[in-house]
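K.L.:
Below: one structure in structure tokens.
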Amino acid sequence: MELVGSPLTATCAHPRSTPTNFLPAISTMASSYKNRFPYHPLPQSFSLPWMPKAYYKTAAIKPTLAPFSKSSQGLTPSKMLPLISNRTTLFPRYTPDDWYRSNLTNYKESETSRHNAEHLRVDTSRMILDKYQQTKRTQVQSTKNLGERVNDIEFWKSELCHELDEMIGETNALTDMKKRLERALAETEAPLQVTQECLLHREKRMGIDLVHDDVEKQLFTEVDVIRSCQERMQQYLDKAKAQLTSNRAAQHELEIDLANKQAAHRIDDKCHHLRNTSDGISYYRGVERIDATISVPESWAKFTDNNILCSQSERVASAKLRDNIENLLMVTANEMWRQFNRVNVAFTNRIAETADAKSKIQTHLAKTLQEIFQIEMNIETIRKAIRDKGPPLKVAQTRLDERTRRPNMELCRDAAQLRLVNEVHEIDETIQSLQQRLRDAEDTLQVLVRAKSALEHDLAVKANSLFIDQEKCMGMRKTFPSTVRLVGYV
């Protein structure tokens, strides 16, 4: 019995310290068992920053030895050791099955966590790749859409540029035609004035020579023809002005649309060439929630198409108006020339008749006296006409003087200003012409007075008639404008 107890006594003399906390051994951590350092459990406040606190759990298994703990209460260690040394066996804590099961549990948990982590890594890599491809496809599609949009804008830009060039050309052509029409209208004033002066001069005929002859009828017809031509020219001139206004309005719409297209093309082309490595890209939070659009592709294209169609319609109307004006100029020129020739033929015949009558009639004393009376009345009429021109001239000049006081940009050289200036010039020319006519009438009166005593009554009258028809009227009618001037080319 001594041999059996000796090792126990020796064993119990130096007992191995038993840790209060027990952690089952793990095969993957076998190296931890090679050291001889005592196990110290981690404090509760210790945690790793990269792992959750519950990753490691300490095993706190404290076997309770009821008989031993009860019998050892109040005893010192020196008194307790002899009792332990007398025991032939140790208290068991775990069975080998528990040890294997603990290892297997740790293996399975490790494999499960590694398997889950591997799946997570694979899924994450696949998701990153999928999202990258999706983002790339979306960006490529957006770039493609922007490219198509740029092409659409370029197409409409080219259409607008072409139509704008056509409209500008048509507007310039119509402007030139309007200037031709204005020149032609201005050229009709001289023939009309000549005809009216012929009528006025023929009113100076004396006595029986004041007949409503074929010359006078043709002169009145010529006045009607010229005024009719002037009215038609003025109507077409007003139409040309209105058409020019419409052309410029359509051109303005085209220019605005083209400017907007150019700005949009510049912006979309910049967006089309933006890449992930481009400069100037930045975050704009919430910009995708802002919808400032006011049109859709259909209405956008329809708007430009309507502008082009409107411009084309105005161009067609403008071209038609130009053709009508061209025809009008040719028709009016031909009408005035035909009537001019008829009047000249009538004048020639009348002059021949007057000359024949002059050779037959010997005395014209009574007619000469009557002519002197008519000339004096005509002189008074001319003087009164000159006096009557004073108030209109004062009004026109007063208006011009008042309009010089308009402030700043209101000093506009508008149509009213031009009309007033022309009015002053026209009145001045009228006064000058009347004064010239007055001088001519006074000269004629003096001639008649001087010839009264020398010529017979009928000879004086016929001489005066021949002088009016042949010298004054036919002399003035030699300056009738040419066809080139009547159609407005000069």
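K.L.:
Apply the Karplus parameterisation 6.51 cos²θ - 1.76 cosθ + 1.60, with θ equal to phi minus 60°, to every residue of the stretch 288-301 and state each ³J(HN,Hα) to the nearest whole Hz, in sequence, with x for glycine and proline.
P.N.:
Here the 3J(HN,Hα) series is 6, 8, 8, 10, 9, 6, 10, 8, 10, x, 5, 5, 5, 5 Hz.
K.L.:
Right, next: For a Förster distance of 30 Å, can you work out the FRET efficiency between the beta-carbons of A415 and N334, rounded to the nearest 0.05?
P.N.:
0.45
K.L.:
Just to make sure I understand: if all protein chains stay in place, what is the order of S313, S278, S465 by accessible area at 1.4 Å, largest first?
P.N.:
S313, S278, S465
K.L.:
Then there is this: Distance in nm between label sites at E380 and A190, each 7 Å beyond Cα in the beta-carbon direction?
P.N.:
Calculated label separation equals 3.7 nm.
K.L.:
Right, something else. What residues from the stretch 103-119 fall in the zone where the backbone N is under 16 Å from a label point 7 Å along the Cα-to-C-beta line of D130?
P.N.:
The answer is 119, whose backbone nitrogens lie closer than 16 Å to the label point.
K.L.:
Something else: Given the Cα-Cα distance of D388 and D214 and 0.36 nm per residue of separation, how much length would full extension add, in nm?
P.N.:
Fully extending the segment from D388 to D214 adds 59.4 nm.
K.L.:
Where Lys and Arg each count +1 and Asp and Glu each count -1, what net charge lies around I386 among other residues with Cβ under 12 Å from its Cβ?
P.N.:
Residues close to I386 contribute a combined charge of +3.
K.L.:
So if each residue of separation counts as 0.36 nm, and I subtract the Cα-Cα distance between T277 and K478, what length gain in nm does that give?
P.N.:
63.9 nm
K.L.:
For the pair S113 and E298, what calculated FRET efficiency results from E = 1/(1 + (r/R0)^6), where r is the Cβ-Cβ distance and R0 = 56 Å, to the nearest 0.05?
P.N.:
Rounded to the nearest 0.05, the efficiency is 0.40.
K.L.:
What percent of all Cα-Cα pairs in the stretch 167-226 falls into each 10 Å bin, going from 0 up to the bin containing the maximum distance?
P.N.:
20, 33, 19, 15, 9, 4, 0
K.L.:
So for each of 129-141, 191-203 I average, over its residues, the number of other beta carbons within 10 Å; can you give me the resulting order with the highest mean first?
P.N.:
Highest mean packing first, the order is 191-203, 129-141.
K.L.:
Per residue, how many Å² of accessible area does the stretch 277-322 show with a 1.4 Å probe?
P.N.:
Solvent-accessible surface per residue comes out at 81 Å².
K.L.:
At 1.4 Å probe size, with the rest of the protein present, what percent of the exposed accessible area of the stretch 204-272 is carbon and sulfur atoms?
P.N.:
Here carbon and sulfur together make up 53 percent of the probe-accessible area.
The values are calculated or read from the model by the stated rules, or taken from the named source; none is laboratory data. Since the model is a prediction, treat every value here as computed from it, not as a measurement. When we count neighbours, we look across all protein chains shown, and the Cβ atoms used for this are built from the backbone with ideal geometry, even at glycine. Just so you know, the surface numbers come from the protein's heavy atoms only, side chains and all, with ligands and any DNA or RNA stripped out. Shrake-Rupley method; radii C 1.70, N 1.55, O 1.52, S 1.80 Å.
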